[in-house]
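The values are calculated or read from the model by the stated rules, or taken from the named source; none is laboratory data. Please read all numbers here as calculations on a predicted model, not as lab measurements. Please note: Cβ atoms are built from the backbone with ideal geometry, for glycine as well, and neighbour counts cover all protein chains shown. Accessible surface areas use protein heavy atoms only, side chains included; no ligands, DNA or RNA. Shrake-Rupley method; radii C 1.70, N 1.55, O 1.52, S 1.80 Å.
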Protein chains: 2
Amino acid sequence: MRIGMIAPPWFALPPKGYGGIEFVVHLLTEGLVRRGHDVTLFASGDSETLARLSYVYGRAPSEKIATHSHIEIIHGLEAYTQARDFDLIHDHDGFGSRSMGALVNRLVGTPVVATLHGPADAPTQESLAALRDSLRFIAITDYQRQGFPDLHFVATIPNAIDIERYPFSDEKDDYLLFIGRMIADKGAHSAVEVAKRLDARLILAGKINEEPERAYFAEQVEPLLTDRIYFRGEVDGSTKAELYRRARCTLFPIQWPEPFGLVMIESMAAGTPVVAFRHGSVPEVIEHGRTGFIVETIDEMVDAVNHVGEIDPAECRRAVEERFSIDGFVRAHERAYRTLLDEGPSWATGAWSSPLA
Amino acid sequence: MRIGMIAPPWFALPPKGYGGIEFVVHLLTEGLVRRGHDVTLFASGDSETLARLSYVYGRAPSEKIATHSHIEIIHGLEAYTQARDFDLIHDHDGFGSRSMGALVNRLVGTPVVATLHGPADAPTQESLAALRDSLRFIAITDYQRQGFPDLHFVATIPNAIDIERYPFSDEKDDYLLFIGRMIADKGAHSAVEVAKRLDARLILAGKINEEPERAYFAEQVEPLLTDRIYFRGEVDGSTKAELYRRARCTLFPIQWPEPFGLVMIESMAAGTPVVAFRHGSVPEVIEHGRTGFIVETIDEMVDAVNHVGEIDPAECRRAVEERFSIDGFVRAHERAYRTLLDEGPSWATGAWSSPLA
C-alpha cells in the first residue's frame, strides 16, 4: 500500500525525550516499511526514518507547540497536497490537519483515517462531530472510543512499545518511580504524598518546559522535594529504561481520564509493577493483581505499594509481549487499512455533518 | 462569474451592530449579485442576502469568537467542499480557512483570492508566508499591503460603505464622538483625555462583550465618565448614523497600526470631520485639512479639535463619494477577479512555499 503518514510536527521522530505520539508513529512507520509498504512520512526534517521523509519544517518547532497552531496546519497542508500519490492517508495530527483530510477525502477521494490520541473532552467531541462522515477513526482504547459514540471507527489499536528498549530485571532497588509531564493531571504531587507517607525514596522525571508545567512544578512539587524525593528533569530513553528497570514500582496517580498511558506499559516491560488511580484507560492496561494494582485513593495507593512484592516481574513483561508488541501493532494497522479500503471510494460522499446547524 | 464568497461565521450578514468585515462582505455580495454574478455566500444561516446562502451554523456563533477557532475551520470546510461549483472563491475568513483554500487550489484548481482584513503582525506574516504561492490576495490599504512584501496581490481595494445609510448634515451639535471597540488599541481612554482637556462633551459607543474589552473598560474608561462624558454601549446602525450626523467631530485616537478604519469613512460620509492619530492606514483615508486632521500627540489632538470648524462638511461627504462608494468597490473587485482568472489555472502548481524549512 502507498501510505501517507502524518506525524505531529512538534518533535523529530523518533523523539529523544518527550513525544509519546511521535514515538508510536515512529514504530508504526518503520514497521510498515519493513513489511514492504510504500510509506511517506510527514514529520519534521530532522526526523530519521526508513520511509520517504517529506517536511515543511526542517527542524522540529518544539518551542512553539503551545502558541503556534498554524504550524500544524501548514505541516498538514504539505501532506494533503500530495494526496493523489497515496492509497490512504493516516493522520495523527490535530483538528486543523484532520479537517483538511476530510476536505481531501471529499474532493479527491483519497481515504483518510485519523488516530485519536487525546481524551474525549467537549471541544474535541464538538469539533470532530463535523468530520464524522468524511473521516474514519482509530481509537487507542475502548475507553477513549466510548467518548466518541458518533464517529466511525475502523479499529481500536492500543499503542505499542519497542520492548527491546526496556531491559528486564527482577532485582529491584528500593525507590518508587514517577514519570510524566509536570502537570496536575499526571499527579506528581500525589506521588510525592504517597512517598512521604511511606517514608520511601521517590524519583520523579518528566518534561517541564511550558509555562503551566513550570508553574505547577514550582508551586506543588518543588517545595516538597527532599534528599529522598528528587526530580531528575526530562530524561532520555536509555535513562528512562534504566529507571524503570530498577524501580520497586511505578506510581501512576493520574487525576484525569487518561486516554492511554504509555508509562504503564514501559514500566511493565521492564518487569516493574504499576500502581495507578482508576481513571480512563487504566483498567484496560493494568491487570489488577497480575501487573500492578488499581486503586482509588491515596490511602489505597500507600497500601498497594506495600504489596507490590506480590507481583511477578516476569508476568509484567509477558503481558506487554502479549498485548503491546510492535509486530501486533503493525499488523493491526494493516487490517484497519484494509477495512478502510474495502469500504470503497464512496463513503465520504454523503451530506456534510452539521449537528450545529 | 460563479463566485463562492466566504464571510467569517461570527456575525450574521448584514451585521446589526459590530462586524466591520461582515458588513463589507455584505456590500460586495449584494453588489455582485445585482451586477448579474452567480454568488454563493458562506455565512451564518441567519444572514440575509440576494445570493445563494450556504451554511453550517444556522445561528451566528458570536459568543464563541474568542475561544472556538475550530468553528472557522468547519465553516470554511463547507465552502471549499463545493469548490468545483465555482469559477473562483473569495475568502474573507481567517488562516485556517485560507489554508484550505490553498489546498483546494492545488488539488482542484479553483482559484482562491483572500482579502486581508487585519494588520501585518508577525504571526500573520509568518503563517501567510506558507500560502504565498497558492493564494492571491487583496489588500485594503497600501499601508497594509506593504506589511506583506512577499505575497501576490491582485489589487488594493479600500473598504466601502453604503453612503445612503449615513445622512449628511452641516448643522452640528457640540459633542465629540468616539466609536470603536473598548480595547486599548482603539484609544477610548485618549478620547476621554482630549475631551477633559477641552471641557467638551464626549459620547462613546462601541462593542464590549469580550473579557478583555470588559476589563479595559472597567479599568481605563469607566472611572473617568461624567455627565458630560458618557458611554452609550454598542449602538445599532441607525443610532450610529445619527451620532455621526450631529457630532462636532469624530476622534480616532488609535494606538496601533490600524489596517483600515471604517469609522473614519462613516463619519466623513455624515459630513463630520475626523481627528486621528497618525498610525497605519490613517494617512490614506483622511486628507489632512480637507476631511479632518492627522495628529501625533494628545496636545495636537486637543488643538486640532479647536480647528474642526475650518473643515467643510460637504467636502467630507464628497471625499467618500469619490473614493469609498459601493459601486466603485464592486467594480474594483470585478477587475481583480478578472486579473485572477486571466492568470489561468497554472499559477498554483509551483513548489510549496516553505520559508521555514
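Which residues in segment B:248-274 place their backbone N less than 17 Å from a point set 7 Å from the Cα of B:Arg290 along the Cα-to-Cβ direction? Under 17 Å, as judged by backbone N against the label point of B:Arg290, lie B:264-274 of segment B:248-274. Pull out a ≥ b ≥ c, the square roots of the eigenvalues of the alpha-carbon gyration tensor of segment B:224-264, then state rounded if a/c is under 1.5, prolate if not and a/b is larger than b/c, and oblate in the remaining case. Taking the square roots of the gyration eigenvalues as a ≥ b ≥ c, segment B:224-264 is oblate. The heavy atoms of B:Ile183 present about 30 square angstrom of accessible area, all protein chains included, probe 1.4 Å. When restricted to Cα atoms, segment B:126-228 yields an Rg and a Dmax of 19.2, 55 Å, respectively. If only the Cβ of Lys and Arg carry +1 and only the Cβ of Asp and Glu carry -1, the dipole of segment A:1-139 around its Cα centre is close to 240 debye.
Contact with the other protein chains removes 30 Å² or more of accessible area, compared with the isolated chain and a 1.4 Å probe, from these residues of segment B:58-74: B:His70, B:Ile73, B:Ile74. According to the calculation over all Cα-Cα pairs in chain B, the P(r) per 20 Å bin from zero is 30, 56, 14, 0 %. Here the Kirkwood formula puts the hydrodynamic radius of segment A:194-296 at 14.6 Å, using every distinct Cα pair. Compute a Gaussian network model of chain A, connecting alpha carbons closer than 10 Å, and tell me which residue from A:Gly58, A:Gly36, A:Gly237 fluctuates the most. Ranking A:Gly58, A:Gly36, A:Gly237 by mean-square fluctuation puts A:Gly36 first. Across the protein chains, with a 1.4 Å probe defining accessible surface, the residues A:Glu48, A:Glu222 rank A:Glu48, A:Glu222 from largest area downward. Comment: the Cα-to-Cβ extended label point of A:Asp303, at 7 Å, lies 8.2 nm from its counterparts in the other copies, nearest first.
Top mean-square fluctuation among B:Thr29, B:Thr339, B:Thr110, Gaussian network model of chain B, C-alpha springs under 10 Å? In this elastic network of chain B, the residue with the biggest mean-square fluctuation among B:Thr29, B:Thr339, B:Thr110 is B:Thr339.
Sorting A:Glu72, A:Glu321, B:Glu30 on solvent-accessible area from highest to lowest, probe radius 1.4 Å, gives A:Glu321, A:Glu72, B:Glu30. In this structure the amide hydrogen of B:Phe153, modeled in the peptide plane, comes within under 5 Å of the amide hydrogens of B:Phe137, none closer than 5 places in sequence on its chain.
Using a probe of 1.4 angstrom and keeping all protein chains present, the accessible surface of chain A works out to 37 square angstrom per residue. The residue list A:Gly36, B:Gly118, A:Leu176 was ranked by how far each Cα lies along the charge dipole of the protein assembly as shown toward its positive end, using unit charges on Cβ atoms, and A:Gly36 comes out on top.
Buried accessible surface for the B/A chain pair comes to about 2800 Å², total over both chains, computed with a 1.4 Å probe. Shown for A:Asp173: label points 7 Å from Cα along the beta-carbon vector, and their distances to the equivalent points in the other copies, 7.8 nm in ascending order.
When the inverse distances between all different Cα atoms of the protein assembly as shown are averaged and flipped, the Kirkwood radius reads 28.4 angstrom.
Here the Debye sum runs over all C-alpha atoms of segment A:1-139 as equal scatterers in vacuum, and log10 of I(q)/I(0) at q = 0.16, 0.18, 0.20 Å⁻¹ comes out as -0.77, -0.99, -1.23. Normalised size of segment A:265-338, defined as Cα radius of gyration per 2.2 N^0.38 Å with N residues, equals 1.25.
Label-point spacing for B:Tyr230 across the identical copies (point 7 Å from Cα in the Cβ direction), in nm and ascending order: 6.9. Inter-chain Cβ neighbour count for A:81-92, averaged per residue, equals 1 (cutoff 10 Å, partner chain atoms only).
Every Cα-Cα pair of segment A:73-174 was included, and the share exceeding 17 Å stands at 56 percent. Rounded to whole Å, the principal axis extents of the Cα atoms in segment B:78-124 read 33, 16, 15, largest first.
Per-residue Karplus couplings for segment A:174-191, computed as 6.51 cos²θ - 1.76 cosθ + 1.60 with θ equal to phi - 60°, are listed in order as 9, 9, 8, 10, 10, 10, x, 4, 7, 9, 4, 3, 7, x, 3, 5, 6, 4 Hz, Gly and Pro entered as x. Shielding by partners for peptide A:95-107, expressed as the average number of C-beta atoms from other protein chains within 10 Å of each residue's C-beta, is 5. Annotation: peptides A:329-336, B:164-171, B:127-134, ranked by per-residue average of other Cβ atoms within 10 Å with the highest first, follow the order B:127-134, A:329-336, B:164-171.
Please list, or write none, the lysines whose alpha carbon is within less than 26 Å of the alpha carbon of A:Lys196, excluding same-chain residues fewer than 8 places away. Filter leaves A:Lys172, A:Lys186, A:Lys207, A:Lys240. Set the Förster distance to 25 Å, then compute FRET efficiency between B:Asp227 and B:Phe168 from the Cβ-Cβ distance, nearest 0.05. Rounded to the nearest 0.05, the efficiency is 0.30.
From helices alone, the protein assembly as shown scores -10500 deg cm²/dmol at 222 nm; the rule is -39500 (n - 2.57) for each run of n ≥ 4 DSSP H residues, then divide by the residue total. Within the listed set B:Lys240, B:Lys186, B:Lys64, the residue fluctuating most in the Gaussian network model of chain B (springs between alpha-carbon atoms under 10 angstrom) is B:Lys64.
The charge dipole of segment B:208-357, taken about the Cα centre with unit charges on the Cβ atoms of Lys, Arg (+1) and Asp, Glu (-1), comes to about 380 debye, rounded to the nearest 20.
Each residue of segment B:104-111 was assigned a 3J(HN,Hα) from its phi angle through the Karplus curve 6.51 cos²θ - 1.76 cosθ + 1.60 (θ = phi - 60°); the sequence is 4, 4, 5, 8, 10, x, 5, x Hz, with glycine and proline shown as x. In segment B:83-228, what percent of the accessible surface is made up of carbon and sulfur (1.4 Å probe, ligands and nucleic acids excluded)? Whole-percent figure for carbon plus sulfur exposure: 44. Taken about its Cα centre, the protein assembly as shown carries a charge dipole of roughly 1120 debye when the Cβ of each Lys and Arg holds +1 and the Cβ of each Asp and Glu holds -1.
Ordering A:Arg35, B:Arg59 by accessible surface, largest first, gives B:Arg59, A:Arg35; the 1.4 Å probe counts only protein heavy atoms, with every chain in place. Rounded to the nearest whole Hz, the Karplus-based 3J(HN,Hα) values (6.51 cos²θ - 1.76 cosθ + 1.60, θ = phi - 60°) of segment B:312-329 follow the sequence 8, x, 5, 5, 4, 5, 4, 4, 5, 4, 5, 10, 10, 7, 4, 4, x, 4, with x at glycine and proline.
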